[in-house]
Amino acid sequence: MTVDIICPLYNAENYIENLHKSFEMQENVNINKIYYIITRGRDGTIKKVKNLNCKYKVIEPKIFRIVVQESKRLLKVMRI
């Protein structure tokens, strides 16, 4: 199975490296790409993701709140 991973991050400086390694160590799955969506915070998450040579996008907290609200609404409609 081949997958793309889209992972939201907020103030993830302390765990992003371990998280990324755990994605790469997955068995029985071919990871095509890993994308990080970073909500702008006050730590060094962006720098660490840059050092991992990953694809990422930085969003503002207001946008993240909208995404969370819409995701909750979708899950409710889908009854998940």
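The values are calculated or read from the model by the stated rules, or taken from the named source; none is laboratory data. Just so it is clear, the structure is predicted and the values come from calculations on it, not from any experiment. Reconstructed Cβ throughout: ideal geometry from the backbone, glycine too, with neighbour counts over all protein chains shown. Accessible surface areas use protein heavy atoms only, side chains included; no ligands, DNA or RNA. Shrake-Rupley method; radii C 1.70, N 1.55, O 1.52, S 1.80 Å.
Take GLU60 and decide whether it is open to solvent by 50 Å² or more (accessible area, probe 1.4 Å) and touching a Lys or Arg at 6+ places or on another chain (Cβ under 6 Å).
Considered against the rule, which asks whether it is open to solvent by 50 Å² or more (accessible area, probe 1.4 Å) and touching a Lys or Arg at 6+ places or on another chain (Cβ under 6 Å), GLU60 comes out as yes.
Exactly one residue out of LYS33, LYS47 is open to solvent by 40 Å² or more (accessible area, probe 1.4 Å), among the basic types (Lys, Arg) and either farther than 24 Å from VAL68 by Cα or in contact (Cβ under 8 Å) with a residue 40 or more places away in the chain (or both), and it is LYS47.
Just one of the listed residues (GLU13, GLU27) is over 24 Å from SER71 (Cα atoms) and either surrounded by 13 or more Cβ atoms within 10 Å (Cβ to Cβ) or β-branched (Val, Ile, Thr) (or both), and it is GLU13.
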